[in-house]
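Quick notes on the structure that follows.
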Amino acid sequence: MTDNQETVEAEDVTPSGRSSTLPLRPPCERLPGPKTSVCSRSYFVVVMVFFHVYIVNVIALLFYVHYSSSSGQEDASRSLDAPSGVHHQQRPESRRTPPSKPEFMRDVSLTRMEGVRVGHVQKVSLVPGKVHEMRTLSLKPLLFEIPGFLSDDECRVVMQLAQLKGLMESQLMVQEGQEELAKELNLRPEEIFNLLDINQDGQLQLQEILTHSRVRDGIWLTPENLREIYAGLKADKDDNGLLSLEEFRLLSNDAFQRFLLQRGVKRSQLVRNSRHTWLYQGKGAHRVLQEIKERVTRLTRVPHTLVDLSEPLQVVRYEEGGHYHAHHDSGPVYPETACSHTRLAANTSTPFETSCRYITVLFYLNSVDGGGETAFPVADNRTYDEVCLIQNDVDLMDTRRNCDKSNLRVRPTKGTAVFWYNYLSDGRGWVGVQDEYALHGGCVVTRGTKWIANKWINVDPDYQRQARYQQLVSQPPEEENDEDLTMNTHIQKPSIHQDL
Ligand code: OGA
Ligand code: CA
Ligand code: FE2
């Protein structure tokens, strides 16, 4: 795509190219002593055989890569946009057998940007007459930054439109609710204890409790909170900072909640302390909002229809002292989980519903006077371990206290966009499992206010459900049949977004 990229890639090739001669070296070095002519001849033969086998393997691998990627490209170019009824009619066999993923992959695949390496810059063309630079910030998650994505005027318009519409509290103070689920599941205290006891040592460490329930009814628990609760409820009888099964049994199910509620909750103790609103970006929306949507489509290179059918633009305002603790924008996906955006197409009602946001594009609408960075606590970490997020009372997910210990922080700069993938690829051109490294949050704003906007691109990891959903919402009005079957049409269904 860019000149830059080409030169950089050329550099990258050299070391791996050199390594192809390496397999020849070790046997020579491992053979000490005098060399007779027989020995060196037989050795030469062995080396040559080895060399040939190696070359044949490399060629076979190249063929494999070539054919698998070219068939992927064919798919993409045949119908880069969303699946349509036409495809399924052309291939009746896909109805007879339960359609498996590989079969569907022939219809559509999603483009995924190349990160190349941290710091790599690629030039992207998003608006006529202007070239933007897109810098790779991390590979895990795959995360990019594009300065000047929005002009100052565009930032102003988005903030004004949001104010005109009115922003609401992102999180209400406290809702009851988690108890219901526990009651429904009807778990015995021993069973709950067992679930919480990650290291199975028969004791509950603070870390284990926090890993499972940092959030109780929207309240963010810190290690100190938990100690206070233990003291207030006299839960930790032997005062060793651990809960035994006996101590745990004596606690009623809602003891923690009741304690917290009695004591009162401050906004700073919530998971999220901000206000937000949603701005519709379809036909008839303000020109700037429509243009931003087009630009996002060009930037991410996902099919138009997917962007059109995604959530509206979310505009968020943090006051001084505002924050958003680390979270995933998108939930993990299990077979029994349904995505909120495709629930229309889900066959059964499932108890678990989650947001399926393949990509997050986050825009900074102003430069913040102090704090307010977006933190990625485990970006490019060697490993991901949920339990290790709390070590020695340092909770890396706590963006009020520990943003400075995050692996990566992005300073809010007016007009800059960052975007990342919340899911890995499934290796066949579709959405795979959740990328745990995409954990992120908004650090506390220490001075001034902070305005951001989020554009989420919703894709169901279950290809069939996404396809069914798109067919459902794109049922064309009779007279416009042909047009609508090419998936570049601008289908707008604002009614699916409850928030509007
Ligand atoms: C979000 C979010 C980060 C930030 O709104 O989902 O993660 O920097 N925001 O405000
Ligand atoms: Ca334990
Ligand atoms: Fe987020």
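Couple of notes before you dig in:
- Cross-link pairs beyond the 24 Å C-alpha cut-off, checked among LYS283/LYS450; LYS140/LYS283; LYS130/LYS293; LYS165/LYS455; LYS123/LYS293; LYS165/LYS266: LYS283/LYS450; LYS140/LYS283; LYS165/LYS266
- Residue-wise HN-Hα coupling along segment 403-413, computed from phi with Karplus coefficients 6.51, -1.76, 1.60 (Hz; x: Gly, Pro): 4, 5, 9, 6, 5, 9, 10, 10, 6, x, 10
- Packing-based order for 416-424, 383-391, using average beta carbon neighbours within 10 Å, highest first: 416-424, 383-391
- Here segment 406-468 has 44 percent of its accessible surface on carbon and sulfur atoms, given a 1.4 Å probe and all protein chains in place.
- Solvent-accessible surface (1.4 Å probe) assigned to SER340 amounts to roughly 30 Å².
- Packing here is the average count of other Cβ atoms within 10 Å per residue, and on that basis the peptides 257-264, 297-304, highest first, run 297-304, 257-264.
- Using θ = phi - 60° in the Karplus curve 6.51 cos²θ - 1.76 cosθ + 1.60, the 3J(HN,Hα) couplings for segment 283-300 round to 4, x, 6, 3, 3, 4, 5, 5, 5, 4, 5, 4, 5, 5, 4, 5, 5, 8 Hz; x is entered for Gly and Pro.
- Cβ-defined net charge surrounding TRP220, 12 Å radius [Lys, Arg +1; Asp, Glu -1]: +3
- Charged neighbours of ASP238, selected by a Cβ distance under 15 Å, balance to 0 (K, R count +1; D, E count -1).
- Once the Cα gyration tensor of segment 181-269 is diagonalised, semi-axes √(5λ) in Å: 20, 16, 13
- Counted charge near ARG317, where neighbours are those whose Cβ lies closer than 10 Å (Asp, Glu -1; Lys, Arg +1): +1
The values are calculated or read from the model by the stated rules, or taken from the named source; none is laboratory data. This is a predicted model, so every value here is computed, not measured. Cβ coordinates were reconstructed from backbone atoms using ideal geometry, including for glycine residues, and neighbour counts include every protein chain displayed. Note: accessible area is taken over every heavy atom of the protein model, side chains too, but ligands, DNA and RNA are not part of it. Shrake-Rupley method; radii C 1.70, N 1.55, O 1.52, S 1.80 Å.
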